[in-house]
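Engineer: The structure's right below; bear with me while I get my questions together.
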Amino acid sequence: RGIGKGIALEIGAAGARVYVTGRTVTPQPGVPGTLAETVEDIRKLGGEAVALQCDHADDKAVRAVFDRIERDSGRLDLLVNNATAMEDYFGSIGKPFWELPTATWDSTMAVGLRSHFVATQMAAPMMVRAGKGLIITVSSIGSKEYLLSVPYGACKAAVPTLNMDTAVELIPHNVTVTSIWPGLVLTEPILAVAETKPDGRRELFGVDLKVAETPRFSGRAVVALASDSDPRRFAGDALICAQLARDLGFTD
């Protein structure tokens with residue numbers, strides 16, 4: 001769901017076969033955006049999608065995903081690292097770090113950071129053998145300034161170094177590693193807690209959500225990078241989606 005779903009939709013609409021991973025396969029009451037729904041939405045756009053149940057905190061499950069891709073296709077052109085987790089996500093926002101359970105730190109780092117390394121590590125051999133590939137990690141301005149909570153910021157601050165260092169080692173193999181920074185995005189959790197004003201405007205902590213991006217805007221950023229004539233010029237960078245839209249000519 002959220003940004004990950006928006007990216008999957010746009011990649012599928014652009015003509016790629018998309019392997020979509022997540023923990024929830026079938027629709028659940030009050031929880032939109034499960035794998036089956038996402039795959040169906042991609043197919044409605046004319047795309048091809050494969051749903052693979054995967055908990056990205058489980059290395060064996062992640063290994064099974066990459067083994068399946070290699071069996072099916074023999075190659076991997078694009079990896080998008082977007083999986084994240086934070087124990088008591090909304091309860092941790094704005095709460096002093098000394099009042100947070102250590103489980104919040106552990107869950108954030110295990111999936112929001114470690115899983116990116118694991119997936120990148122498993123994708124790299126296929127890309128190196130092919131002599132090409134693109135790896136994009138979804139990050140945020142939380143890597144540069146305070147946002148949401150201390151565990152969130154620490155996790156996001158580590159992502160640029162992970163991207164830069166893996167980019168350095170993969171550039172000689174014509175494999176590009178970079179990251180995108182969406183702005184405020186209209187994801188399902190954001191919409192669930194947004195306040196609707198008498199005039200119909202939706203606000204989140206006093207911010208008018210009319211300035212927010214749709215999840216598919218991030219997807220269009222990914223498609224623009226994947227179809228660029230020389231994505232290597234973005235290696236190791238942190239790319240703000242709104243700036244990419246201006247530079248590469250796509251819109252929300």
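The values are calculated or read from the model by the stated rules, or taken from the named source; none is laboratory data. Values in this document were obtained by computation on a predicted structure and should not be read as measured data. Methodologically, a virtual Cβ is constructed for each residue, glycine included, from the backbone with ideal geometry; neighbour enumeration extends over all protein chains shown. Accessible surface is based on the protein model in full, side chains and every heavy atom, while ligands, DNA and RNA are left aside. Shrake-Rupley method; radii C 1.70, N 1.55, O 1.52, S 1.80 Å.
Engineer: Ignoring any ligand, DNA or RNA, what whole percent of the accessible area of the stretch 131-171 comes from carbon and sulfur when the probe is 1.4 angstrom? Please list the in-between numbers first.
Structural biologist: Working: 1130 of 1760 Å².
The computed percentage sits at 64.
Engineer: For the chain, which longest stretch is free of loop sites, where a loop site is one of the chymotrypsin sites (Phe, Trp or Tyr not before Pro) that DSSP puts outside H, G, I, E and B and that has at most 15 other Cβ atoms within 10 Å?
Structural biologist: Values: sites that count: TYR146, PHE205.
Within the chain, the longest run free of exposed chymotrypsin sites (Phe, Trp or Tyr not before Pro) spans 1-145.
Engineer: Still on this structure, please answer the following. Toward the positive end of the charge dipole of the chain, about the Cα centre and with charges on Cβ (Lys, Arg +1; Asp, Glu -1), which of PRO96, GLY142, ALA51 goes farthest?
Structural biologist: My answer, from the dipole projection, is ALA51.
Engineer: What does the accessible area per residue of the chain come to in Å², with a 1.4 Å probe and no ligands, DNA or RNA counted? Intermediate results must be reported in sequence, preceding the final value.
Structural biologist: Numbers: 12770 Å² over 252 residues.
It amounts to 51 Å² per residue over the chain.
Engineer: Estimate the FRET efficiency between LEU184 and LYS60 by the formula 1/(1 + (r/R0)^6), using the beta-carbon distance for r and 35 Å for R0, to the nearest 0.05.
Structural biologist: On the way: r = 35 Å, r/R0 = 1.01.
Efficiency, rounded to the nearest 0.05: 0.50.
Engineer: Based on alpha-carbon atoms only, what is the radius of gyration of the stretch 1-83 relative to the globular estimate 2.2 N^0.38 Å? Display every interim value, and only then the final one.
Structural biologist: Details: Rg = 12.2 Å, N = 83, 2.2 N^0.38 = 11.8 Å.
Dividing the Cα Rg of the stretch 1-83 by 2.2 N^0.38 Å gives 1.04.
Engineer: Among the DSSP beta bridges whose two residues both lie in the chain, what percent are antiparallel, rounded to the nearest 5? Mind dumping the intermediate values first?
Structural biologist: Numbers: 5 of 25 bridges.
Roughly 20 percent of the beta bridges in the chain run antiparallel, per DSSP.
Engineer: Expressed in nm², what is the orientationally averaged projection area of the convex hull enclosing the Cα positions of the stretch 108-173?
Structural biologist: Values: hull surface 17.0 nm².
Reported value for the Cα convex hull: 4.3 nm².
Engineer: Something else: Summing +1 for each Lys or Arg and -1 for each Asp or Glu, what net charge is found among the other residues whose Cβ lies under 14 Å from the Cβ of ARG75? Mind showing how you got there, number by number?
Structural biologist: Numbers: positive: ARG17, ARG68, ARG71, ARG129, LYS132; negative: ASP67, GLU70, ASP72, ASP77.
After counting each charged neighbour, the total is +1.
Engineer: In deg cm²/dmol, rounded to 500, what helix-only [θ] at 222 nm does the chain give when every DSSP H run of at least 4 residues adds -39500 (n - 2.57) and the total is split over its residues? Let's see the in-between values first.
Structural biologist: Details: 10 runs with 112 residues, N = 252.
-13500 deg cm²/dmol, from helical runs alone.
Engineer: For GLU195, GLU188, give me the order by solvent-accessible area with a 1.4 Å probe, most accessible first, ignoring ligands, DNA and RNA.
Structural biologist: Details: GLU195 100, GLU188 55 Å².
Greatest to least solvent exposure: GLU195, GLU188.
Engineer: Another one. Test of understanding: what is the full-extension gain from LEU45 to SER73, defined as 0.36 nm times their sequence separation minus their Cα-Cα distance? Walk me through the numbers before you get to the answer.
Structural biologist: Working: separation 28, 0.36 × 28 = 10.08 nm, distance 2.15 nm.
Residue separation times 0.36 nm, minus the Cα-Cα distance, leaves 7.9 nm.
Engineer: Here's a follow-up. Using 0.36 nm per residue of separation minus the Cα-Cα distance, give me the extension gain between GLU145 and GLU195 in nm, one decimal. Mind dumping the intermediate values first?
Structural biologist: On the way: separation 50, 0.36 × 50 = 18.00 nm, distance 2.53 nm.
The span from GLU145 to GLU195 would gain 15.5 nm if fully extended.
Engineer: Please get the size of the charge dipole for the stretch 14-68, origin at its Cα centre, with Cβ charges of +1 on Lys and Arg and -1 on Asp and Glu, quoted in debye to the nearest 20.
Structural biologist: Details: 7 positive and 8 negative charges, 23 e Å.
Dipole of the stretch 14-68, to the nearest 20 debye: 100 debye.
Engineer: For LYS156, what accessible area in Å² do you get when you roll a 1.4 Å probe over the heavy atoms of the protein chains, rounding to the nearest 10?
Structural biologist: Spelled out: LYS156, probe radius 1.4 Å, area about 20 Å².
Engineer: So, with +1 on the Cβ of K and R and -1 on the Cβ of D and E, and no other charges, what is the size of the charge dipole of the stretch 145-252 about its Cα centre, to the nearest 20 debye? Walk me through the numbers before you get to the answer.
Structural biologist: Numbers: 10 positive and 14 negative charges, 34 e Å.
I would put it at about 160 debye.
Engineer: Here's something else I'd like to know. Considering every Cα-Cα pair within the chain, what fraction, in whole percent, is farther apart than 29 Å? Show your work: numbers first, answer last.
Structural biologist: Values: 8601 of 31626 pairs.
So the pairs more than 29 Å apart make up 27 percent of the total in the chain.
Engineer: Which of the residue pairs LYS5/LYS60; LYS5/LYS95; LYS144/LYS197; LYS44/LYS144 have a Cα-Cα distance greater than 27 Å in the structure shown?
Structural biologist: Details: LYS5/LYS60 23 Å; LYS5/LYS95 29 Å; LYS144/LYS197 32 Å; LYS44/LYS144 38 Å.
Pairs exceeding the cut-off: LYS5/LYS95; LYS144/LYS197; LYS44/LYS144.
Engineer: Additional query: To the nearest 10 square angstrom, how much accessible area does ASP72 have with a 1.4 angstrom probe?
Structural biologist: The value for ASP72 is about 70 Å².
Engineer: Right, here's the next one. Over the stretch 57-120, what percent of the accessible surface lies on carbon and sulfur atoms, probe 1.4 Å? Intermediate values should be presented prior to the final figure.
Structural biologist: On the way: 1940 of 3530 Å².
Here carbon and sulfur together make up 55 percent of the probe-accessible area.
Engineer: Answer with one residue from ILE240, GLY12, GLY112: the one whose Cα lies farthest towards the positive end of the charge dipole of the chain, charges on Cβ with Lys, Arg +1 and Asp, Glu -1.
Structural biologist: GLY12
Engineer: Only helices at least 15 Å long along their axis, Cα-based, and averaging 0.5 or more on Kyte-Doolittle count here, so list those DSSP H runs from the chain. List each step's numbers first, then the result.
Structural biologist: Working: long enough: 2-13 (17 Å, 0.99); 59-73 (21 Å, -0.86); 115-130 (23 Å, 0.61); 150-170 (30 Å, 0.53); 215-226 (17 Å, 0.72).
Taking the DSSP H segments of the chain (at least 15 Å long, mean hydropathy at least 0.5), we get 2-13, 115-130, 150-170, 215-226.
Engineer: In whole Å and largest first, what semi-axes does the C-alpha gyration tensor of the stretch 59-180 yield when each eigenvalue is scaled by 5 and square-rooted?
Structural biologist: Details: eigenvalues 181, 51, 17 Å².
Three semi-axes, in Å: 30, 16, 9.
Engineer: If you take the charge dipole of the chain about its Cα centre, with +1 on Lys and Arg Cβ and -1 on Asp and Glu Cβ, which of GLY249, ASN81, GLY33 is farthest toward its positive end?
Structural biologist: After comparing all options, I get GLY249.
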